[in-house]
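Here is the structure we will look at.
The values are calculated or read from the model by the stated rules, or taken from the named source; none is laboratory data. Predicted model only: the values in this text are computed from it and were never measured. Please note: Cβ atoms are built from the backbone with ideal geometry, for glycine as well, and neighbour counts cover all protein chains shown.
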Amino acid sequence: MNDFNFFAPYQGKQKQVVNKKIYIYTVSAVVAVFIVGTFAWNSINVYMLNRDIDKFQNSINSPKVQAKVKEAQVLNNKLDVLNKYEGGLSKINEGMNSRSVISSELLRKINSTLPENVYFRSISVDGSSLSFQGVSKTRSAIGELQHNIKGLDIIAEGQIGNISEDDSSNGSYSFDLKCTLKDVDGK
């Protein structure tokens, strides 16, 4: 004869509930272990990083390193000053190069304007002006020189300042010629 167990359905449900609880406890334990493990791992890493930071701070604050830092700052300050001087010198150099209007070509042009029996004793340059002191046998040659100088394309103005007869018996004349140069950018 077959036995009937009327409590069988209740016993299976209880087994399922127990299995469900074991599953929930297992998953909860794994998650808890993961969280605790992650916390422990991060805490250890933070501790090690803080220890490294302290070590680096101590090495940075050491007198030897501080002396090198001060030396580097002094060198950087000197370098900044030198760079400023270099910039200023570059500007001065550019200015001087742009003002070098007296060239051998200009002197050749001036020499080509000299009439016979006219000689220069001295030539002086002051910015954009030229001053000549010369000697000539005749007054007309001095006038011819002034006319020829004014005809040059680089001379803005040329004036004879003083003509005087030399005390010597050869009858020559001394003169001063002042010329103003034009501002010519293309050389």
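Below is a table of values for the structure above.
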| read-out | value |
| --- | --- |
| Qualifying positions in region 123-139 - at pLDDT below 80, in a strand (DSSP E or B) and hydroxyl-bearing (S, T, Y) | none |
| Candidate set from region 86-122 (those that are more than 24 Å from G171 (Cβ to Cβ) and among the hydrophobic types (A, V, I, L, M, F, W, C)); member that is modelled with the lowest pLDDT | V101 |
| When residues of region 172-187 are limited to those that are more than 19 Å from G143 (Cα to Cα) and either of a type in the set (K, R) or modelled with pLDDT of 85 or more (or both), the one surrounded by the most Cβ atoms within 10 Å (Cβ to Cβ) | K182 |
| Matching residues in region 140-154 - criterion: being among the polar types (S, T, N, Q) and within 13 Å of T180 (Cα to Cα) | Q146 |
